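Structure first, commentary second.
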Amino acid sequence: MTKAELRKIYSDKRRSLSPGEVVAASRDIAKRFFREIDLAAVHKLHTFIRIPKFKEIDTSNIYFRIWQDWKSVETFAPRSDLKTGEFESIAFDSDTPFAENKWGIREPVGTEKAEPEKFDLGLIPLLCFDESGHRVGYGKGMYDKFLSRCRPDCLKVGLSLFPPVEPIDDVTDHDIPLDICITPEDIYRRDAETQRMRIM
C-alpha cells in the first residue's frame with residue numbers, strides 16, 4: 001500500500017483506541033525502551049511531545065524518567081517554523097514552560113537549541129512502519145528533513161502502537177529508515193545486512 005492509504009487506515013485505527021488503551025500502550029513502550037536502549041553514551045536526546053487529541057504515544061513516560069535517572073542526558077523537543085515547514089529542537093526540562101502552536105501542539109518556550117547533527121538518539125513519531133523500518137507520518141515532511149540531517153550513528157527510534165506492515169509501495173531515496181521501532185508488545189531492530197526489521 002502507499003503512504004496515503006496507510007495514513008488513512010492507521011489514523012482510523014488510532015482514533016478507535018480508547019484513552020485507557022493509549023495510556024497502557026505508552027507505559028509498555030516506555031518499559032521496553034528502558035529495558036533495551038543503552039543511554040550510557042547518549043548526551044542529547046530529541047523527543048516528540050504527544051498530541052493527546054491524535055492519541056499519540058505519551059513520551060513523558062520516557063523523558064520524566066530520564067530526568068530522574070539519567071541527569072547527564074539533555075532533552076530537546078520540536079518547535080515548528082510554519083513558514084519553512086521545518087522545526088527547531090529546543091531544550092526542555094521539568095521547569096520549562098510550554099505554549100500551543102496553531103495546530104494545538106505543545107512546544108517548549110526557550111532559547112537553547114541543538115542542530116540535528118548533535119543528537120545521539122531521536123524518538124520519532126509515526127502512524128505505522130514497515131518491515132524495512134520506513135515510517136508513515138502525517139505527511140508534512142518535517143521529520144524527514146530532521147532525519148536527513150542526523151548523523152549516521154544517531155539512533156533513530158520509532159514508537160508505534162501497531163506492529164509493522166508489509167513494505168510501503170512508494171518509499172523513495174529521501175526516506176530515512178528507523179534503526180529501532182518499539183511497540184507495546186515487541187522491539188524491532190533493523191538488520192544492516194538484510195535491511196529488515198527483526199524482533200530483538
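Worth a mention:
- Out of LYS102, LYS13, sole residue that is outside any helix (DSSP H, G or I) and either modelled with pLDDT of 95 or more or open to solvent by 60 Å² or more (accessible area, probe 1.4 Å) (or both): LYS102
- For the stretch 117-132, a tally of residues being open to solvent by less than 10 Å² (accessible area, probe 1.4 Å) and either modelled with pLDDT under 95 or within 14 Å of the chain's Cα centre (by Cα) (or both) returns 8.
- When the stretch 170-195 is limited to residues that are at pLDDT 95 or above and open to solvent by 70 Å² or more (accessible area, probe 1.4 Å), the one that is farthest from GLY122 (Cα to Cα) turns out to be GLU185.
- For the stretch 127-158, the set of residues classified as part of a strand (DSSP E or B) and in contact with a Pro (Cβ under 7 Å, 6 or more places away or on another chain) consists of PHE129, ASP130, listed by residue number.
- From the options LYS31, LYS8, residue that is of a type in the set (Lys, Arg), farther than 23 Å from CYS150 by Cβ, within 17 Å of the chain's Cα centre (by Cα) and modelled with pLDDT of 95 or more: LYS31
- Of all residues making up the stretch 68-85, the number that are open to solvent by less than 70 Å² (accessible area, probe 1.4 Å) and either in contact with a helix residue (DSSP H, G or I) (Cβ under 6 Å, 6 or more places away or on another chain) or part of a loop (DSSP other than H, G, I, E, B) (or both): 3
- Filtered residue count, the stretch 133-185, keeping only those that are among the small types (Gly, Ala, Ser), touching a helix residue (DSSP H, G or I) at 6+ places or on another chain (Cβ under 6 Å) and more than 25 Å from LEU82 (Cβ to Cβ): 0
- Within the stretch 141-166, the residues that satisfy the criterion of being closer than 24 Å to ALA25 by Cβ and either of a type in the set (S, T, N, Q) or open to solvent by 50 Å² or more (accessible area, probe 1.4 Å) (or both) are SER160, PRO163, GLU166.
- Listed by first and then second residue, the pairs linking a residue in the stretch 60-77 that is modelled with pLDDT of 95 or more and charged (D, E, K, R) to a residue that is open to solvent by less than 20 Å² (accessible area, probe 1.4 Å) and assigned to a helix (DSSP H, G or I), with Cβ atoms under 8 Å apart and 6 or more places separating them unless they lie on different chains, are ARG65/ALA30.
- Residues within the stretch 41-67 that are open to solvent by less than 70 Å² (accessible area, probe 1.4 Å) and touching a Gly at 6+ places or on another chain (Cβ under 8 Å), tallied: 4
The values are calculated or read from the model by the stated rules, or taken from the named source; none is laboratory data. Because the structure is predicted, anything quoted here is derived from the model rather than measured. Ideal geometry is used to build each Cβ from the backbone, glycine not excepted, and the neighbour counts take in all protein chains shown. Ligands, DNA and RNA are stripped out before the accessible areas are found, and what is left, the full protein with its side chains, is counted by its heavy atoms. Shrake-Rupley method; radii C 1.70, N 1.55, O 1.52, S 1.80 Å.
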